[in-house]
1. Looking at (1) under 24 Å from residue 153 (Cβ atoms); (2) in contact with a helix residue (DSSP H, G or I) (Cβ under 8 Å, 6 or more places away or on another chain), which is the only condition residue 48 fails?
2. State yes or no: is residue 2 at pLDDT below 90, touching a helix residue (DSSP H, G or I) at 6+ places or on another chain (Cβ under 6 Å) and over 25 Å from residue 164 (Cα atoms)?
3. Here are some conditions: (1) within 15 Å of residue 86 (Cβ to Cβ); (2) modelled with pLDDT of 90 or more. Residue 66 meets all but one. Which one does it not meet?
4. With respect to the numbered conditions (1) surrounded by 16 or more Cβ atoms within 10 Å (Cβ to Cβ); (2) over 16 Å from the mean Cα position of the chain (by Cα), which one is the sole condition not fulfilled by residue 44?
5. So is residue 49 crowded, with 18+ Cβ neighbours inside 10 Å, touching a residue at least 40 places away in the same chain (Cβ under 8 Å), out of contact with any strand residue (DSSP E or B) (no Cβ under 6 Å at 6 or more places or on another chain) and under 17 Å from residue 14 (Cα atoms) or not?
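The values are calculated or read from the model by the stated rules, or taken from the named source; none is laboratory data. Fair warning: this is a prediction, and the values are worked out from it, not measured in the lab. Glycine gets a Cβ as well: all are built from the backbone with ideal geometry, and neighbour counts include every protein chain shown.
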């Protein structure tokens, strides 16, 4: 099969391969960045235009190479626009350091280490938990209060959403197979 031209639309799998990220990451970015809007055909199939690929490449550089947070990239878009996101992939942008992102409040999910091929993912943010008691008469509640329940990190939430989508797709396939003819 011949390679597509530079102006051809890309499917999500082609876009993911070109950018070097999994498909679920592209879907996750679409939920976090309002400026990522691929064309969708009937049935929800995504098609990425060349400019969409440029935007995604900029987001990838800012998040992965520059270790910016999602909030930092959202703020950069608000302040400087889509051209700044795309400019992150340009050669002069690669050599020029970007201004440091503003520190975000909250505990660090992953200790600072040199970048790895695939960084470890903290699915649950560290929290302090209330002690449990076996005596139900001493404790008015068996479960922890909402303030002390563990919260999913954005990456953990995205992975759970992707798993749920996959389970829903499998259910549809099973329903079709089990449906009497």
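1. Answer for residue 48: the failing condition is (1).
2. no
3. Unmet condition: (2).
4. The number of the failed condition is (1).
5. Details: crowded, with 18+ Cβ neighbours inside 10 Å: no; touching a residue at least 40 places away in the same chain (Cβ under 8 Å): yes; out of contact with any strand residue (DSSP E or B) (no Cβ under 6 Å at 6 or more places or on another chain): yes; under 17 Å from residue 14 (Cα atoms): yes.
When the stated conditions are applied, residue 49 does not pass them.
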